[in-house]
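The values are calculated or read from the model by the stated rules, or taken from the named source; none is laboratory data. Values in this document were obtained by computation on a predicted structure and should not be read as measured data. Quick reminder, even Gly has a Cβ in these numbers, built from the backbone with ideal geometry, and neighbours come from all protein chains shown. These area figures cover heavy atoms from the full protein model, side chains too; ligands, DNA and RNA do not enter into them. Shrake-Rupley method; radii C 1.70, N 1.55, O 1.52, S 1.80 Å.
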2 protein chains.
Amino acid sequence: MDTKMYNMWLQYDSINNQTLREQYTEFFSKVRLIGNSEIFDSIKEELEIAVDKMLQQKVGWTASDDAKIVIANSSDWNIKAVEGLNEEGYTIVSNGNQLKIIGNSDRGALYGVFHLLRMMQMQESITTLSIKEQPTNPFRMINQWDNLDGSVERGYSGNSIFYENGKIVEDKTRIKDYARFLSSVGINAISINNVNVWEEETYFITKKYLPEIAEIASIFRGYGLQLYLSINFASPIAIGDLETADPLDGSVKNWWKDKVREIYDFIPDFGGFVVKADSEHRPGPFSYDRDHADGSNMLAEALEPFDGKVIWRCFVYNCLQDWRDRSTDRARAAYDHFKPLDGRFHSNVILQIKNGPMDFQVREPVSPLIGAMSETNQMMELQIAQEYTGHQIDLCYLIPQWKEVFSFDTYIQGEGSTIEKIVAGQIHPYRHSGVVAVSNIGNDENWTGHTLAQANLYGFGRLAWNPSLESETIAKEWLKQTFPQNNDVEQTILDMLMSSWPIYENYNAPLGVGWMVTTHLHYGPSIDGYEYSRWGTYHFADRDGMGVDRTKETGTGYTEQYEEPNRSMYNNLDTCPDELLLFFHHVPYKHTLKSGKTVIQHIYDTHFEGYEQVLGLQKKWDQLERVLDEERFNNVKERLERQRLNAREWRDQINTYFYRKSGIADEKNRTIY
Amino acid sequence: MDTKMYNMWLQYDSINNQTLREQYTEFFSKVRLIGNSEIFDSIKEELEIAVDKMLQQKVGWTASDDAKIVIANSSDWNIKAVEGLNEEGYTIVSNGNQLKIIGNSDRGALYGVFHLLRMMQMQESITTLSIKEQPTNPFRMINQWDNLDGSVERGYSGNSIFYENGKIVEDKTRIKDYARFLSSVGINAISINNVNVWEEETYFITKKYLPEIAEIASIFRGYGLQLYLSINFASPIAIGDLETADPLDGSVKNWWKDKVREIYDFIPDFGGFVVKADSEHRPGPFSYDRDHADGSNMLAEALEPFDGKVIWRCFVYNCLQDWRDRSTDRARAAYDHFKPLDGRFHSNVILQIKNGPMDFQVREPVSPLIGAMSETNQMMELQIAQEYTGHQIDLCYLIPQWKEVFSFDTYIQGEGSTIEKIVAGQIHPYRHSGVVAVSNIGNDENWTGHTLAQANLYGFGRLAWNPSLESETIAKEWLKQTFPQNNDVEQTILDMLMSSWPIYENYNAPLGVGWMVTTHLHYGPSIDGYEYSRWGTYHFADRDGMGVDRTKETGTGYTEQYEEPNRSMYNNLDTCPDELLLFFHHVPYKHTLKSGKTVIQHIYDTHFEGYEQVLGLQKKWDQLERVLDEERFNNVKERLERQRLNAREWRDQINTYFYRKSGIADEKNRTIY
């Protein structure tokens, strides 16, 4: 496929600006690659695609010293590694006569090339450059939640590009294109199967599937991504001959050692295992009265000789909670489980911790576990897939949400202990750390269902590379590459993107209380849907008020998991930020917010407003009808209409529910049913 | 299979009472059958099974006049039809020396034989008998909601006994046994596929499936049941070459005529079609701006030459209702649609009308449509499958509920116009009428999931035969045949059965308001589950009160569909029966019921009581541990524990929900969360 939808931000539109065209043409008349590897093959191929499309010319490859562009891995060129830059860093230096991209590794060189191509797509001059770049986060990873039957758990963009009908896809073109996209924004690792590992997927680590998985690994290798697999902790029983999966059992340890050796025979640079254990009915060490350090260390020992990693998800909670019991608090679970284990994990184990303590809600506080373990490697998990944020039907540009997380100051080592620094390994001396996210792609032509949701995949990569980038900067970069050069288009869509998360929050569950979604599906309102469930996700609304009391004095004590001053800030009704009020406190409907409004009036106002704002989005988008290609215009238009219906349902159900319960009328006397 | 679970009420336990044994042995030493048909083959076979099991002897077949038992169809014996009895009637006359079973048809003879076997199972003497029996209802039908993939819509007893993996089952033993059971309680018609006719099932009326369906028809024929098929109204498009299914289109009419002819080539006594049209997204005449008379008459014309029937379901409602709109009322739909069409239906069309205006809730008023059409054949539809009454996990003996329906006086032709008389065709001169029910069986070993749910299948048949039978009588009959002769067992289970519907109602949605169930699943509470849905099923609970106002003055006017004095009785808050109060009225929580309790206190009391009563059921059952066979004891024990958990969940969620909403404390200060 070679459509605008499909090409996402690698459109490589023809360059019409004559000056730039001449400049670029000149540079690409003589290009020298100093390097010889799968990655350099990818560099060559990508440049040929890009130059052909942008300039309708062939790259003039040369081996001579007078090349206009030189691309090299510093070690291949026998020059010193670029000083002050890590292994993945690169420089781009241009003096008008020659442009040099020098990476500290093949991968660094590749990233440099994509940087240059990005500049060209954004129509920037490349004659005078002095760029020095390196990623802030060592790990920049994607988790696919794809199943062998072709379905994608929490996938909203069609089916898997990896599997169909119980088999790995034969035609791997699309996997390669995915690798290109991921690499272009600096992603360096990927796990290719769902963290819920079902029966047949358990066999991924056997000869039945390893040859084909090795093929996929080799595709990603060419783009600098290491391949990981999600594994079933009970594999020794399920696919071995053992009767136990006890991590302290000698035969189990040996089984895994043999298994790992076998995997590395097929995939010499295999990344390692992603593990979801003891959560939502997945097996784990708890079955054997072992803890998660026992479980992960056992796997880590098997992987260590090969430099493999264990990525251990901290989404551990007792999903059999009883709604009658107000003292148990799912928000506490990850911290309560893992914090006491600090120091017990091997150096090649990395804990993967969701950004919030619950589960990717539209608004949550930052997980207090992040940074709370000084001697245990940590990665933060984000969700690009819009499970609770509109299923890629509703527009929700997530970068501003993630930016808030990154910039949150935990005070774990005094002021300035931001999440950004923690996951970058700058607060504690983590051996491994970084950011990982659940992918939002599938086999829809535009990859992401909603075309504008491509911005979230793009933005995740860019933010993982450099969390200091502004949301707006990222959006602009994406827009310039994705849509034709047109200031109106750019400004219109930029406005839409930047307003989208607040709009979604407006018509969703109010003030950080979360959930209120249709059970299982997680799209559309069902205010009591999870209220009497076993999932630990309650709002406790009664005729007087609502919210979850997580204070030290009268609640679950969750606030105690934060460092000061956050602890007091959240614990204290007067200082707790409005947007998280109901996450931390149970308050009367007439409680006055810092905004000056009562809680109930806030609910009414935001829900009426949210719907109106969606009408505004529709109006903005309609203005682009003649400017944009039909395919992408119609895709977004159709989604916006579905978003409108969703927003209307949220508005009316939330308002009616709380009016019926509180009996308090809307001050503005708008229609409530 | 030949287990106690499997054999339901045809246990044919060995007769231990010596006197009876001798008596029966004597009678069965010489048995003469005067008749030669598939049905007489079945009679022969059934007697051989029964006599072998009860008496461990072979039936002594004879052709001579000195037979001890003579079984005949009156016409075969060249005697007059038994006077005053309809075609399905029979007599059993015994003078000690000879016992004669004479049916007015083969079928009548078969029913007589099953009557005799029932008496023997109940250990009654058969020496002096003078029995005259005939069914009150001409139609006594079962609807299977089985799908070709083997699933059963709203099935709670395993998979289909008719289909598996997209095919009709090869081994039809179980179908034959099912025919035996149905016939033993007088069922004379069955439709064997789901009223929601999916893609592949649409082909049932083609050569692809007709040969095998003819085989099934012939099995049922042997037991006096006529076979019907549910059809897809859009068949002319789906499996024909037509571009329309418009019932007034000539080519459509011809297509159905040809189709019907083809079916009768395979099944000469084919019963006809069951049709669910224009409901819940099923196609129908509305698509062509035709009404339901047009739609059903077109099919009726095609079937008429073969004496085939069209059974047209009146479950028609606009399932896209908007919860915001309080003026639309799903309860009104069937009456509003069909009443104006009275007189326009062909004489071989029968309208199939659910017992209540909604959908088989634990408590509903009787549908005002039943009897409201004097010139249109009607059948009443009941649901043996416990869709809303506990999924055959919870014990719910439904006969008392159905008895209430049968004895309801509609006053449609003055006092005494009971439902019983209407569906029997005694009020209006219906050419066809009767009772039909959705089956509760599947391929679980005990057929019905919950072993005691067998009583509902048994009871439906008996009640369809004779609606005057008392619930308790039916239960006792079933018990004596199903469980070993033991007065304790009988009395204990009888108590359990007779108390079970009131218990279920106690912990369920209160006072006739209905629903409050988990969406789609229909098991377990979700009080707001359907409150903001499009299904027209609301309780409108707010902080002050609840219920649906269906009065003339301030509500939907649904009460107007009843005749006086029912109309006023329901419309008037003072005369509306407590158990239906919230079906007809929206009242404050502090409204005082006729019982003297407030609505809110009634809710608390019944829900606490319901749970305690389930504990009582468990206690009763546990007493039977040593008396009953292990298999059936354990089956029910396990179900009762699941029922307890369900009742607990209902109790706590309902009480908590209404306490949170009303703020009114329980007078007895019991635990509400």
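Among the residues of B:526-533, the average count of other protein chain beta-carbon atoms within 10 Å of the residue beta-carbon is 5.
To make sure I understand the rule: partners must be aspartates and glutamates, Cα under 13 Å from the Cα of B:LYS100, and not fewer than 8 residues away in the same chain. Which ones qualify? By straight Cα distance, B:LYS100 reaches B:ASP65, B:ASP66. Loop-located GluC sites (Glu not before Pro) in region B:50-107 (DSSP state other than H, G, I, E, B) with a sparse environment of at most 15 neighbouring Cβ atoms within 10 Å: B:GLU83, B:GLU87. Here B:LYS339 is the anchor, and the lysines within straight C-alpha reach of less than 20 Å, apart from those fewer than 8 places off in the same chain, are B:LYS276, B:LYS354, B:LYS421, B:LYS552.
Packing around the peptides A:386-392, B:158-164, taken as the average count of other Cβ atoms within 10 Å per residue, puts them in this order, highest first: A:386-392, B:158-164. Summary value for chain B: 11 percent relative contact order, contacts being C-alpha pairs under 8 angstrom separated by 6+ residues. Ranked by the mean number of other Cβ atoms within 10 Å of their residues, highest first, the peptides B:625-632, A:357-364 fall in the order A:357-364, B:625-632. How would you classify chain B from its alpha-carbon gyration tensor, with a ≥ b ≥ c the square roots of the eigenvalues: rounded for a/c under 1.5, else prolate if a/b is greater than b/c, otherwise oblate? In terms of gyration-tensor shape, oblate. In region B:630-673, what residues drop by 50 Å² or more of accessible area when the other protein chains are put back, versus the chain on its own? Use 1.4 Å, and skip ligands and nucleic acids. The answer is B:GLN653, B:ARG660, B:LYS661, B:TYR673 - residues whose exposure falls by at least 50 Å² when every protein chain is included.
Listed by chain and number, the lysines whose alpha-carbon sits under 19 Å from that of A:LYS476, ignoring those within fewer than 8 places in the same chain, are A:LYS4, A:LYS403, A:LYS620. Once backbone amide H atoms are built at 1.01 Å from N, B:ILE350 has B:VAL310, B:ILE311, B:TRP312 as its partners under 5 Å, excluding neighbours fewer than 5 places away on the same chain. Charging the Cβ of each Asp and Glu at -1 and of each Lys and Arg at +1, and nothing else, the dipole of the protein assembly as shown about its Cα centre rounds to 940 debye.
The dipole here belongs to chain A: it is taken about the Cα centre, uses +1 on the Cβ of Lys and Arg and -1 on the Cβ of Asp and Glu, and is about 760 debye. Of the complete DSSP H runs in chain A, those spanning 24 angstrom or more by Cα along the long axis with a mean Kyte-Doolittle score not below -1.0 are A:38-55, A:487-507, A:599-622.
Counting protein heavy atoms only, region B:18-133 has 46 percent of its accessible area on carbon and sulfur, 1.4 angstrom probe. Averaged over peptide B:384-393, the number of partner chain Cβ atoms lying within 10 Å of each residue's Cβ comes to 0.
Run the numbers on region B:140-234 and let me know its relative contact order in percent, using alpha-carbon pairs under 8 Å that are six or more apart.
On the way: 143 pairs, mean separation 30.2, N = 95.
Relative contact order here is 32 percent.
Specify the inter-centroid distance of region A:108-178 and region A:619-648, based on alpha-carbon positions, in whole Å. Each part reduced to its Cα centre gives a spacing of 26 Å.
Taking the centroid of alpha carbons for each part, region A:288-356 and region B:241-314 are 62 Å apart. The residues of the protein assembly as shown present an accessible area of 35 Å² per residue when probed at 1.4 Å with all protein chains retained. Between this copy and the others, label points of B:ILE49 are 6.9 nm apart in ascending order, each placed 7 angstrom from Cα in the Cβ direction. Taking the label point 7 Å along Cα→Cβ, A:ASP171 and its counterparts in the other copies are spaced 4.5 nm apart, in ascending order.
Solvent-accessible area assigned to carbon and sulfur over region B:139-482 amounts to 43 percent, based on a 1.4 Å probe. Across the copies of the chain, A:LEU248 has label points (7 Å from Cα along Cα→Cβ) spaced 8.2 nm apart, shortest distance listed first. From its DSSP helices (H runs of at least four residues, each -39,500 (n - 2.57)), the protein assembly as shown gives a residue-normalised ellipticity at 222 nm of -11000 deg cm²/dmol. Per-residue mean of foreign Cβ neighbours for A:322-333 is 1 (Cβ atoms of other chains, 10 Å radius). How large, in percent, is the carbon and sulfur part of the accessible surface of region A:562-605 at a probe radius of 1.4 Å? Accessible surface attributable to carbon and sulfur in region A:562-605 totals 53 percent. The GluC sites (Glu not before Pro) found in region B:233-310 that occupy coil by DSSP, while having at most 14 further C-beta atoms within 10 Å, are B:GLU243, B:GLU280. Burial annotation for region A:537-579: residues with an accessible-area loss of at least 20 Å² between the isolated chain and the complete set of protein chains, computed on heavy atoms with a 1.4 Å probe, are A:ASP542, A:ARG543.
Chains B and A together bury roughly 2200 Å² of accessible surface, counting both sides and using a 1.4 Å probe on protein heavy atoms. Calculate log10 I(q)/I(0) of the protein assembly as shown for q = 0.05, 0.08, 0.09 Å⁻¹, where I(q) comes from the Debye formula with a single equal point scatterer on each Cα and nothing for solvent. Those come out to -0.48, -1.07, -1.25, one per q. Taking amide H positions as modeled 1.01 Å from N, with prolines and chain starts lacking one, the residues under 5 Å from A:TYR163 and 5 or more places away or on another chain are A:VAL169. The H on the amide N of B:GLN383, modeled in the peptide plane, is under 5 Å from the matching H of B:VAL438, each at least 5 residues off or on a different chain.
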